[in-house]
Amino acid sequence: MYLESAPEKPVISYHANTYILPLSKTIVQIGGSERHSAPTLDSLPLNGKDSETLLLQKLASTGIHADGFQLLQQFVAWDSWTSDGRPVIGFSQTQPRVMTVAGFNGVGFKLASGVAAIAVRQLLDALHYISGPAISADLATLFSPGRFTRKEGICV
């Protein structure tokens, strides 16, 4: 969105459930919105509430002035999270050649190096190429996709 004056640094507001990322002196990316839970991806809504009103409310709640506000582009995207708050890292029980790495509630970038280490270790273990200690059973179980019943699954 366009503003006459964008904040100099990113703004993350927990109480407003939003973030504002300055892309230039007048253009910002704003995200964080509604939370939905659905049994399948196909049953999620493909559009949000009135975008302009919602964005203006979010700007006001963070204390950023909306002078010159103009919505330039909008898209709907989903961050996935799990019902127990832990990500899913592991092989599918029904398709053993498929690995799932998901459910990070939008903060996967903060965990990327640790998650990569776990995923690579599981892949190497599955290929029987063990160049170091195998992943611990506790760690593999902690993030296993098999820990959910069919009803729970991943929320988005």
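The values are calculated or read from the model by the stated rules, or taken from the named source; none is laboratory data. From a predicted model like this one, the values you see are computed outputs, not experimental measurements. Methodologically, a virtual Cβ is constructed for each residue, glycine included, from the backbone with ideal geometry; neighbour enumeration extends over all protein chains shown. To get the accessible areas, we keep the full protein, side chains included, count just its heavy atoms, and leave off ligands, DNA and RNA. Shrake-Rupley method; radii C 1.70, N 1.55, O 1.52, S 1.80 Å.
The heavy atoms of residue 104 present about 30 square angstrom of accessible area, all protein chains included, probe 1.4 Å. For residue 71 and residue 105, the FRET efficiency from 1/(1 + (r/R0)^6), where r spans their Cβ atoms and R0 equals 25 Å, is about 0.45. Note on residue 25/residue 52: beta-carbon distance plugged into 1/(1 + (r/R0)^6) with R0 of 22 Å gives a FRET efficiency of 0.50. Surface listing: 142, 23 arranged by accessible area from highest to lowest gives 23, 142, probe 1.4 Å. Set the Förster distance to 22 Å, then compute FRET efficiency between residue 125 and residue 86 from the Cβ-Cβ distance, nearest 0.05. With a Förster radius of 22 Å, E is 0.65. Between residue 97 and residue 8, the simple label model (points 7 Å from Cα in the Cβ direction) yields a spacing of 5.5 nm.
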